[in-house]
Amino acid sequence: MKRKRIAALLLSITVAVTALAGCGNSGGAGNDSAQNAQTEDTGSAAPETDAGDAGAETDDTGAGETAAAGGTVEFWNDKMANMEQSSLDTVFGTIQSVSGYTLDMIPYPDTASYQTAMQQTIRDQKAPGLFTWWSGSQLQTLVENGLVEDLTSVWESSIYDAGVSQGIADAFTFDGKIYAAPWSVLYNVVLYNKTVFDQYGLKEPETFDEFLQLCETLKSNGVTPIALKSDSWAGFIWFQALLAAKDVELYKGICDGSIKYTDPRVVEVMEVWKDMLDKDYFSVPIDWSDVRPSFAKGEVAMMLEPHVEFTGMKKDFDMVEGETIDAFVVPAMDGGKKTIFFEAAPLCVSTASAQKEDALKVLSSWYTEDVQNMFHEEFGYTNTSKITVDTPVVQEILDATADADHYQLVLRFYESTPDKLRDFVLDELMRFQLKNASVEDMLNTIQAEADTVFGN
């Protein structure tokens, strides 16, 4: 991929680590684990860059030319504390070059301290101009309290034109208005060690029965088929995948309370999952830091992860897309469309912030081709369709997300389920995966809590 050289000096990044006692965690601690896992690998996985060379010339296209000088906009987040400084400099230097504004980035190391800081600040002028949050009910709470700007006009003037899909906009839409833009869009796919697959003559499964059969083949040859992470938040990943493989409407009904967890179809899916666990198709729960090297060595053959992990495995383990690592989407159990789950982290503008107007200007430049190409190159994020993707496997995934005849794009369980119920479900699902609960026990326990949350 051709890299744009940046003429301007790259901005300095302000790091503020705030540890506050008595924090008011609104249920996002589990998500913090997810984000930490992703930022650890995507940040450390960023390819080397020459974009920070001071005085280097820009291309003569005009796109990379430095915009008129602006001010400084604070950008708070809990997603970037572990990312490589060189990659951060490259990406935010590009934003500065395009927008003319310096981003004063303040990353928090954990969700608890971040949420506490935001709760203490978001209602006054000292609030950051830009900040990341969570979609679903947590974003809705901010909207209902008038704490984030309506960004519909920004979408109409620039974001849609940049190639950000309507499906992503829908994840940030309440009462017909759009209140966030994507910081990152992550698509969950089954990454597999292609060397292992080739060794045993395995192909990407087209049916769910073929998927189970390849798991059996791997197990019989001493290879653990699927990595199971020990993080408590991760319990929903295969839960959502298997429910949607059965029927995506079944999954959606579970999330909105219109279908009970004790529904016979849910029981059927959970029995399939239990059988996979009993046959040791999943590893014992292992730490994320151990999953990646185990996968690279071929000790485990598959992991269900965001597509940005291609960037991490390439950087950290020299895995080559299409040669030693590849991906597929979990097949439907009864035929029909395959489901691709996505996570869209919202980027918001604080309504009360004294920097609001400047933040809106920065946001308009955030989705230019230069900036988004750099996001992809450094972090693996693919937020728009108008970026240069030099990875055929990732391009196939992006093509699949736009293929409505064969695939359906669905927001993941973590954001689709009420906070009060979600964390309870995560604990029960992990108990089930550790083989400490039967299908009946787990589903009855969850449904009792769901009745309370949904008022049944």
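From the list A359, A352, A400, A404, which residue is surrounded by fewer than 23 Cβ atoms within 10 Å (Cβ to Cβ) and part of a helix (DSSP H, G or I)? Before you say what the answer is, go through the steps one by one.
Values: A359 fails: surrounded by fewer than 23 Cβ atoms within 10 Å (Cβ to Cβ); A352 fails: part of a helix (DSSP H, G or I); A404 fails: part of a helix (DSSP H, G or I).
Exactly one of A359, A352, A400, A404 is surrounded by fewer than 23 Cβ atoms within 10 Å (Cβ to Cβ) and part of a helix (DSSP H, G or I), namely A400.
Assigned by TED's automatic domain parsing to the domain that holds L103 and free of Cβ contacts under 8 Å to residues at least 40 places away in the same chain: does that describe S157?
Working: assigned by TED's automatic domain parsing to the domain that holds L103: yes; free of Cβ contacts under 8 Å to residues at least 40 places away in the same chain: no.
No, not satisfied.
Sort through V91, V164, V73 and tell me the only one that's part of a loop (DSSP other than H, G, I, E, B) and crowded, with 20+ Cβ neighbours inside 10 Å.
On the way: V91 fails: part of a loop (DSSP other than H, G, I, E, B); V73 fails: part of a loop (DSSP other than H, G, I, E, B).
Of V91, V164, V73, the one residue that is part of a loop (DSSP other than H, G, I, E, B) and crowded, with 20+ Cβ neighbours inside 10 Å is V164.
Taken across the range 366-381, residues that are out of contact with any Phe, Trp or Tyr (no Cβ under 8 Å at 6 or more places or on another chain), of a type in the set (V, I, T), within 18 Å of V164 (Cβ to Cβ) and touching a residue at least 24 places away in the same chain (Cβ under 8 Å) do occur, with at least one present.
To keep it simple, each residue is scored yes or no on (1) outside the structural domain of V308 (by TED's automatic domain parsing); (2) of a type in the set (D, E, K, R).
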site	(1), (2)
I178	yes, no
P182	yes, no
D198	no, yes
S232	no, no
F236	no, no
A245	no, no
V248	no, no
K252	no, yes
K260	no, yes
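Of all residues in the range 167-198 being part of a helix (DSSP H, G or I) and of a type in the set (D, E), which is nearest to the chain's Cα centre (by Cα)? Steps first, answer last, please.
Keep residues of the range 167-198 that are part of a helix (DSSP H, G or I), which gives 167-171, 194-198.
Applying the additional criterion that residues be of a type in the set (D, E) yields 170, 198.
Working: D170: 16, D198: 29 Å.
Checking each candidate, the answer is D170.
Within the range 284-311, the set of residues being crowded, with 20+ Cβ neighbours inside 10 Å and either among the acidic types (D, E) or part of a loop (DSSP other than H, G, I, E, B) (or both) comprises E305, H307, V308, E309.
If you scan the range 94-114, which residues turn out to be modelled with pLDDT of 90 or more and in a loop (DSSP other than H, G, I, E, B)? Hits for the range 94-114 are G100, Y101, Y108.
Each residue in the range 312-332 was checked for being modelled with pLDDT under 95 and part of a strand (DSSP E or B), and 1 of them qualify.
When you check N383 against the structure, is it closer than 19 Å to L130 by Cα and either modelled with pLDDT of 90 or more or not hydroxyl-bearing (S, T, Y) (or both), yes or no? The answer is yes for N383. Of all residues in the range 178-198 being within 27 Å of S153 (Cβ to Cβ) and among the aromatic types (F, W, Y), which is surrounded by the most Cβ atoms within 10 Å (Cβ to Cβ)? Among them, the one singled out is Y179. Scan the range 231-253 and tell me whether some residue there is touching a Pro at 6+ places or on another chain (Cβ under 8 Å), under 16 Å from N188 (Cα atoms) and modelled with pLDDT under 95. No, the range 231-253 contains no residue that is touching a Pro at 6+ places or on another chain (Cβ under 8 Å), under 16 Å from N188 (Cα atoms) and modelled with pLDDT under 95. Among the residues of the range 77-87, not a single one is modelled with pLDDT of 90 or more, aliphatic (A, V, I, L, M), under 21 Å from the mean Cα position of the chain (by Cα) and more than 17 Å from P346 (Cβ to Cβ).
Across the range 239-267, what is the number of residues that are over 13 Å from V330 (Cα atoms), in a helix (DSSP H, G or I) and in contact with a helix residue (DSSP H, G or I) (Cβ under 7 Å, 6 or more places away or on another chain)?
So the first thing to find is which residues in the range 239-267 are over 13 Å from V330 (Cα atoms), and the list is 249-267.
From what's left, in a helix (DSSP H, G or I): 249-256, 264-267.
Narrowing the set further to residues that are in contact with a helix residue (DSSP H, G or I) (Cβ under 7 Å, 6 or more places away or on another chain) leaves 250-251, 254-255, 265-267.
Residues in the range 239-267 being over 13 Å from V330 (Cα atoms), in a helix (DSSP H, G or I) and in contact with a helix residue (DSSP H, G or I) (Cβ under 7 Å, 6 or more places away or on another chain): 7 in total.
Among what's in the range 269-283 and is within 19 Å of E428 (Cβ to Cβ) and touching a Lys or Arg at 6+ places or on another chain (Cβ under 7 Å), pick the residue that is surrounded by the most Cβ atoms within 10 Å (Cβ to Cβ).
Start the filter on the range 269-283 by keeping residues that are within 19 Å of E428 (Cβ to Cβ), which leaves 269-278, 282.
Of the ones still in play, those that are also touching a Lys or Arg at 6+ places or on another chain (Cβ under 7 Å) are 269, 277.
On the way: V269: 22, L277: 17.
Ranking the candidates gives V269 first.
When the range 173-191 is limited to residues that are in contact with a Ser or Thr (Cβ under 8 Å, 6 or more places away or on another chain) and modelled with pLDDT under 95, the one that is farthest from L88 (Cα to Cα) turns out to be Y187.
The values are calculated or read from the model by the stated rules, or taken from the named source; none is laboratory data. This is a predicted model, so every value here is computed, not measured. Heads up, the Cβs are rebuilt from the backbone with ideal geometry, glycines too, and the neighbour counts pull from every protein chain shown.
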